[in-house]
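Q: Take a look at this one; I'll ask things after.
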Amino acid sequence: MRKKIIAANWKMNMLVSEAEAFLHTFMHEIGGENSVEIVIVPPFTALSRVSEILGRDQKAKLGAQNMHGEKSGAFTGEVNAAMLRELYVRYVVLGHSERRTLFGETDEIVNHKVRAAIDAALRPIVCIGETLAERDAHQVEAVLRRQIEGSLHGVNARELAEIVIAYEPVWAIGTGRTATPQQAQEAHAFIRRTLSELWDAPTAEKVRIQYGGSVKPQNAAELMRENDIDGALVGGASLDPRGFADIVKAAAAL
Ligand code: PEP
(Lines give C-alpha, C1' and ligand atoms only; values in the text may rest on other atoms or scores of the structure.)
Protein backbone atom coordinates (compact mmCIF):
# COMPACT_ATOMS: atom_id res chain seq x y z
CA MET A 1 0.00 0.00 0.00
CA ARG A 2 1.38 3.40 -0.96
CA LYS A 3 0.87 6.01 1.74
CA LYS A 4 -0.95 9.03 0.33
CA ILE A 5 1.12 12.20 0.21
CA ILE A 6 -0.49 15.65 0.21
CA ALA A 7 1.72 18.70 -0.35
CA ALA A 8 0.94 22.39 0.10
CA ASN A 9 2.79 24.43 -2.53
CA TRP A 10 2.46 27.99 -1.28
CA LYS A 11 4.32 29.40 -4.29
CA MET A 12 5.21 33.10 -3.79
CA ASN A 13 2.74 33.58 -0.94
CA MET A 14 2.89 33.68 2.88
CA LEU A 15 4.87 36.05 5.03
CA VAL A 16 6.46 34.41 8.05
CA SER A 17 3.68 35.74 10.28
CA GLU A 18 1.06 34.31 7.91
CA ALA A 19 2.83 30.95 7.87
CA GLU A 20 2.77 30.89 11.68
CA ALA A 21 -0.95 31.60 11.73
CA PHE A 22 -1.59 28.98 9.05
CA LEU A 23 0.26 26.26 10.96
CA HIS A 24 -1.46 27.12 14.21
CA THR A 25 -4.89 26.53 12.65
CA PHE A 26 -3.88 23.68 10.35
CA MET A 27 -2.18 21.58 13.05
CA HIS A 28 -5.19 22.00 15.28
CA GLU A 29 -7.54 20.96 12.44
CA ILE A 30 -5.67 17.76 11.55
CA GLY A 31 -5.19 16.70 15.16
CA GLY A 32 -3.43 13.33 15.44
CA GLU A 33 -3.84 12.41 11.77
CA ASN A 34 -0.89 10.29 10.68
CA SER A 35 -2.24 7.95 8.03
CA VAL A 36 -1.36 10.48 5.33
CA GLU A 37 2.02 12.08 4.68
CA ILE A 38 1.76 15.87 4.72
CA VAL A 39 4.36 18.18 3.19
CA ILE A 40 4.36 21.95 3.67
CA VAL A 41 6.25 23.76 0.91
CA PRO A 42 6.72 27.42 1.89
CA PRO A 43 8.73 30.09 0.08
CA PHE A 44 12.45 30.09 1.04
CA THR A 45 11.99 33.02 3.41
CA ALA A 46 9.60 31.06 5.63
CA LEU A 47 11.48 27.73 5.61
CA SER A 48 13.44 28.39 8.76
CA ARG A 49 10.46 29.44 10.86
CA VAL A 50 8.20 26.68 9.53
CA SER A 51 10.98 24.20 10.28
CA GLU A 52 11.15 25.42 13.88
CA ILE A 53 7.38 25.15 14.31
CA LEU A 54 7.21 21.65 12.80
CA GLY A 55 10.03 20.54 15.09
CA ARG A 56 12.42 17.65 14.63
CA ASP A 57 9.75 14.94 14.39
CA GLN A 58 7.94 16.89 11.63
CA LYS A 59 4.38 15.63 11.89
CA ALA A 60 4.04 17.54 8.67
CA LYS A 61 7.27 17.38 6.66
CA LEU A 62 9.06 20.36 5.23
CA GLY A 63 9.54 20.86 1.49
CA ALA A 64 11.21 23.48 -0.69
CA GLN A 65 9.89 24.82 -3.98
CA ASN A 66 13.16 24.64 -5.90
CA MET A 67 16.93 24.43 -5.56
CA HIS A 68 20.04 24.75 -7.71
CA GLY A 69 21.81 21.68 -9.04
CA GLU A 70 25.33 22.83 -8.16
CA LYS A 71 26.87 22.49 -4.72
CA SER A 72 28.07 26.11 -4.42
CA GLY A 73 29.40 28.99 -6.45
CA ALA A 74 28.51 32.16 -8.29
CA PHE A 75 24.77 31.62 -8.69
CA THR A 76 23.25 34.80 -7.32
CA GLY A 77 19.75 34.30 -6.01
CA GLU A 78 19.95 30.52 -5.78
CA VAL A 79 20.09 28.01 -2.91
CA ASN A 80 21.69 24.57 -2.88
CA ALA A 81 20.67 21.23 -1.40
CA ALA A 82 22.92 21.55 1.67
CA MET A 83 21.24 24.85 2.59
CA LEU A 84 17.89 23.11 2.51
CA ARG A 85 19.14 20.14 4.49
CA GLU A 86 20.46 22.48 7.15
CA LEU A 87 16.86 23.61 7.73
CA TYR A 88 15.61 19.99 7.94
CA VAL A 89 13.93 20.16 4.55
CA ARG A 90 12.96 16.62 3.45
CA TYR A 91 11.34 17.16 0.04
CA VAL A 92 12.07 19.48 -2.86
CA VAL A 93 9.67 20.26 -5.72
CA LEU A 94 11.57 20.12 -9.01
CA GLY A 95 10.46 21.02 -12.52
CA HIS A 96 7.19 22.68 -11.54
CA SER A 97 5.52 23.89 -14.74
CA GLU A 98 5.89 27.51 -13.57
CA ARG A 99 9.66 26.95 -13.37
CA ARG A 100 9.65 25.24 -16.74
CA THR A 101 7.63 27.93 -18.53
CA LEU A 102 8.59 31.13 -16.67
CA PHE A 103 12.21 30.31 -15.84
CA GLY A 104 13.22 28.16 -18.78
CA GLU A 105 13.87 24.91 -16.90
CA THR A 106 14.41 22.04 -19.29
CA ASP A 107 14.29 18.31 -18.51
CA GLU A 108 18.09 18.41 -18.51
CA ILE A 109 18.20 21.10 -15.83
CA VAL A 110 15.56 19.26 -13.80
CA ASN A 111 17.60 16.07 -14.12
CA HIS A 112 20.72 17.82 -12.79
CA LYS A 113 18.70 19.02 -9.79
CA VAL A 114 17.19 15.56 -9.23
CA ARG A 115 20.69 14.08 -9.01
CA ALA A 116 21.87 16.80 -6.62
CA ALA A 117 18.79 16.37 -4.43
CA ILE A 118 19.16 12.58 -4.20
CA ASP A 119 22.87 12.89 -3.44
CA ALA A 120 21.97 15.23 -0.56
CA ALA A 121 19.30 12.84 0.75
CA LEU A 122 16.43 15.14 -0.24
CA ARG A 123 13.40 13.51 -1.82
CA PRO A 124 12.44 15.11 -5.14
CA ILE A 125 8.82 15.75 -6.07
CA VAL A 126 9.25 15.82 -9.82
CA CYS A 127 6.51 17.63 -11.73
CA ILE A 128 5.49 16.61 -15.22
CA GLY A 129 2.44 17.39 -17.34
CA GLU A 130 1.22 18.45 -20.74
CA THR A 131 -0.06 21.80 -21.98
CA LEU A 132 -3.55 22.18 -23.41
CA ALA A 133 -2.15 22.39 -26.96
CA GLU A 134 -0.28 19.12 -26.39
CA ARG A 135 -3.43 17.44 -25.04
CA ASP A 136 -5.47 18.67 -27.98
CA ALA A 137 -2.80 17.32 -30.33
CA HIS A 138 -3.04 13.89 -28.61
CA GLN A 139 0.54 14.14 -27.39
CA VAL A 140 -0.06 13.53 -23.68
CA GLU A 141 1.72 10.18 -23.55
CA ALA A 142 4.65 11.32 -25.69
CA VAL A 143 5.16 14.42 -23.51
CA LEU A 144 4.96 12.48 -20.25
CA ARG A 145 7.36 9.84 -21.51
CA ARG A 146 9.84 12.47 -22.69
CA GLN A 147 9.67 14.30 -19.35
CA ILE A 148 10.11 11.05 -17.38
CA GLU A 149 13.08 9.95 -19.48
CA GLY A 150 14.68 13.38 -19.40
CA SER A 151 14.06 14.37 -15.79
CA LEU A 152 14.85 10.97 -14.27
CA HIS A 153 17.80 10.00 -16.44
CA GLY A 154 20.46 8.10 -14.47
CA VAL A 155 18.24 7.43 -11.46
CA ASN A 156 18.47 3.83 -10.26
CA ALA A 157 15.55 1.70 -9.06
CA ARG A 158 16.32 2.16 -5.36
CA GLU A 159 16.41 5.95 -5.85
CA LEU A 160 13.28 5.96 -7.99
CA ALA A 161 11.27 4.29 -5.25
CA GLU A 162 11.90 7.33 -3.03
CA ILE A 163 10.92 9.89 -5.66
CA VAL A 164 7.44 11.36 -5.83
CA ILE A 165 6.07 12.25 -9.26
CA ALA A 166 3.47 14.98 -9.54
CA TYR A 167 1.30 14.77 -12.63
CA GLU A 168 0.18 18.33 -13.19
CA PRO A 169 -1.57 19.06 -16.48
CA VAL A 170 -0.49 22.63 -17.16
CA TRP A 171 -4.00 23.61 -18.25
CA ALA A 172 -5.34 22.68 -14.81
CA ILE A 173 -2.84 24.62 -12.68
CA GLY A 174 -4.32 27.72 -11.10
CA THR A 175 -7.12 27.78 -13.66
CA GLY A 176 -9.93 26.28 -11.62
CA ARG A 177 -10.17 23.65 -14.37
CA THR A 178 -9.48 20.18 -12.96
CA ALA A 179 -8.76 17.03 -14.91
CA THR A 180 -11.63 14.58 -14.48
CA PRO A 181 -10.78 11.62 -12.25
CA GLN A 182 -10.79 9.47 -15.38
CA GLN A 183 -8.40 11.77 -17.30
CA ALA A 184 -6.09 11.92 -14.30
CA GLN A 185 -6.20 8.15 -13.68
CA GLU A 186 -5.38 7.48 -17.35
CA ALA A 187 -2.32 9.71 -17.16
CA HIS A 188 -1.22 8.23 -13.80
CA ALA A 189 -1.60 4.68 -15.09
CA PHE A 190 0.44 5.62 -18.15
CA ILE A 191 3.16 7.12 -15.93
CA ARG A 192 3.30 3.95 -13.82
CA ARG A 193 3.44 1.74 -16.93
CA THR A 194 6.28 3.85 -18.27
CA LEU A 195 8.20 3.58 -14.99
CA SER A 196 7.66 -0.15 -15.10
CA GLU A 197 9.02 -0.34 -18.65
CA LEU A 198 12.01 1.92 -18.02
CA TRP A 199 12.86 0.47 -14.58
CA ASP A 200 10.84 -2.51 -13.31
CA ALA A 201 7.32 -3.35 -12.18
CA PRO A 202 7.93 -3.75 -8.41
CA THR A 203 9.69 -0.36 -8.28
CA ALA A 204 6.97 1.32 -10.35
CA GLU A 205 4.40 -0.01 -7.86
CA LYS A 206 6.22 1.74 -5.03
CA VAL A 207 6.42 5.20 -6.63
CA ARG A 208 3.85 7.65 -5.40
CA ILE A 209 2.22 9.74 -8.11
CA GLN A 210 0.42 12.88 -6.96
CA TYR A 211 -2.15 14.74 -9.00
CA GLY A 212 -1.93 18.52 -9.13
CA GLY A 213 -4.17 21.08 -10.82
CA SER A 214 -6.92 22.97 -9.03
CA VAL A 215 -7.36 20.36 -6.30
CA LYS A 216 -9.88 21.60 -3.71
CA PRO A 217 -11.72 20.08 -0.75
CA GLN A 218 -14.69 19.51 -3.11
CA ASN A 219 -12.84 17.38 -5.68
CA ALA A 220 -9.98 15.84 -3.68
CA ALA A 221 -11.72 12.60 -2.68
CA GLU A 222 -12.97 11.68 -6.15
CA LEU A 223 -9.50 12.19 -7.61
CA MET A 224 -7.59 10.36 -4.88
CA ARG A 225 -10.02 7.44 -4.95
CA GLU A 226 -8.52 6.41 -8.29
CA ASN A 227 -6.08 3.47 -8.19
CA ASP A 228 -2.94 5.25 -9.32
CA ILE A 229 -3.53 8.64 -7.66
CA ASP A 230 -1.47 8.61 -4.50
CA GLY A 231 -2.10 12.11 -3.24
CA ALA A 232 -2.17 15.73 -4.33
CA LEU A 233 0.11 18.67 -4.91
CA VAL A 234 -2.08 21.59 -3.96
CA GLY A 235 -1.42 25.22 -4.89
CA GLY A 236 -4.17 27.80 -4.39
CA ALA A 237 -6.30 25.72 -2.03
CA SER A 238 -3.32 25.09 0.25
CA LEU A 239 -3.29 28.71 1.39
CA ASP A 240 -6.39 28.19 3.50
CA PRO A 241 -5.52 26.07 6.56
CA ARG A 242 -9.03 24.68 7.00
CA GLY A 243 -9.48 23.90 3.31
CA PHE A 244 -6.08 22.22 3.16
CA ALA A 245 -6.89 20.24 6.30
CA ASP A 246 -10.12 19.10 4.61
CA ILE A 247 -8.06 17.79 1.67
CA VAL A 248 -5.82 15.87 4.10
CA LYS A 249 -8.88 14.49 5.87
CA ALA A 250 -10.40 13.45 2.54
CA ALA A 251 -7.25 11.45 1.79
CA ALA A 252 -7.25 9.91 5.26
CA ALA A 253 -10.87 8.81 4.88
CA LEU A 254 -10.24 6.79 1.68
C1 PEP B 1 0.57 23.75 -8.15
O2 PEP B 1 1.05 24.83 -7.91
O3 PEP B 1 1.31 22.76 -8.19
C4 PEP B 1 -0.87 23.66 -8.39
C5 PEP B 1 -1.37 22.51 -8.73
O6 PEP B 1 -1.61 24.81 -8.25
P7 PEP B 1 -3.23 24.90 -8.12
O8 PEP B 1 -3.63 23.89 -7.08
O9 PEP B 1 -3.48 26.31 -7.68
O10 PEP B 1 -3.78 24.58 -9.46
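The values are calculated or read from the model by the stated rules, or taken from the named source; none is laboratory data. All values derive from a computational prediction rather than experimental measurement. Quick reminder, even Gly has a Cβ in these numbers, built from the backbone with ideal geometry, and neighbours come from all protein chains shown. Please note that ligands, DNA and RNA were not included when accessible areas were found on the heavy atoms of the full protein model with its side chains. Shrake-Rupley method; radii C 1.70, N 1.55, O 1.52, S 1.80 Å.
Q: Looking for whichever is free of Cβ contacts under 8 Å to residues at least 24 places away in the same chain, more than 15 Å from the chain's Cα centre (by Cα) and more than 12 Å from the ligand (Cβ to nearest atom) here; the options are Gln218, Gln185. Which one fits?
A: Exactly one of Gln218, Gln185 is free of Cβ contacts under 8 Å to residues at least 24 places away in the same chain, more than 15 Å from the chain's Cα centre (by Cα) and more than 12 Å from the ligand (Cβ to nearest atom), namely Gln218.
Q: May I ask you to list the residues in region 145-177 that are of a type outside the set (Asp, Glu), touching a strand residue (DSSP E or B) at 6+ places or on another chain (Cβ under 9 Å) and within 16 Å of the ligand (Cβ to nearest atom)?
A: Gln147, Ser151, Val164, Ile165, Ala166, Tyr167, Pro169, Ala172, Ile173
Q: How about region 23-61: which of its residues are closer than 18 Å to Asn9 by Cα, basic (Lys, Arg) and assigned to a loop (DSSP other than H, G, I, E, B)?
A: Within region 23-61, Lys59 is the sole residue that qualifies.
Q: Within region 13-20, can one find any residue that is within 16 Å of the ligand (Cβ to nearest atom), modelled with pLDDT of 95 or more and surrounded by fewer than 17 Cβ atoms within 10 Å (Cβ to Cβ)?
A: Within region 13-20 (the criterion being within 16 Å of the ligand (Cβ to nearest atom), modelled with pLDDT of 95 or more and surrounded by fewer than 17 Cβ atoms within 10 Å (Cβ to Cβ)), the answer is yes, since at least one residue qualifies.
Q: Only one of these conditions is not met by Ala133: (1) surrounded by fewer than 20 Cβ atoms within 10 Å (Cβ to Cβ); (2) within 14 Å of the ligand (Cβ to nearest atom). Which number is it?
A: Ala133 satisfies all of (1) surrounded by fewer than 20 Cβ atoms within 10 Å (Cβ to Cβ); (2) within 14 Å of the ligand (Cβ to nearest atom) except (2).
Q: Is at least one residue of region 191-209 within 16 Å of the ligand (Cβ to nearest atom) and assigned to a loop (DSSP other than H, G, I, E, B)?
A: Looking through region 191-209, none of the residues is within 16 Å of the ligand (Cβ to nearest atom) and assigned to a loop (DSSP other than H, G, I, E, B).
Q: Please report, ordered by residue number, the helices (runs of 4 or more DSSP H) entirely within region 62-128 with at least 1 residues that are among the basic types (Lys, Arg) and open to solvent by less than 60 Å² (accessible area, probe 1.4 Å).
A: The helices (runs of 4 or more DSSP H) meeting that bar are 97-102, 107-119.
Q: A follow-up question, please. Specify which of the listed residues (Ser238, Ser214) is hydroxyl-bearing (Ser, Thr, Tyr) and on the phi < 0 side of the Ramachandran plot.
A: Ser238
Q: Moving on to the next point. Taking Ile229 and the conditions (1) in contact with a Gly (Cβ under 8 Å, 6 or more places away or on another chain); (2) crowded, with 17+ Cβ neighbours inside 10 Å; (3) outside any helix (DSSP H, G or I), which numbered condition does it fall short on, given that it satisfies the others?
A: Failing condition for Ile229: (1).
Q: Failed condition for Lys206, given (1) over 15 Å from the mean Cα position of the chain (by Cα); (2) touching a residue at least 60 places away in the same chain (Cβ under 8 Å); (3) surrounded by 22 or more Cβ atoms within 10 Å (Cβ to Cβ), with all others met?
A: Evaluating Lys206 over (1) over 15 Å from the mean Cα position of the chain (by Cα); (2) touching a residue at least 60 places away in the same chain (Cβ under 8 Å); (3) surrounded by 22 or more Cβ atoms within 10 Å (Cβ to Cβ) leaves (3) as the failure.
Q: Scan region 30-40 and tell me whether some residue there is of a type outside the set (A, V, I, L, M, F, W, C) and within 16 Å of the ligand (Cβ to nearest atom).
A: Checked against the condition, which is being of a type outside the set (A, V, I, L, M, F, W, C) and within 16 Å of the ligand (Cβ to nearest atom), region 30-40 yields no hits at all.
Q: Here is a further query. Which number in (1) buried (at least 20 other Cβ atoms within 10 Å of the Cβ); (2) over 15 Å from the mean Cα position of the chain (by Cα); (3) among the small types (Gly, Ala, Ser) marks the one condition that Ala201 misses?
A: (1)
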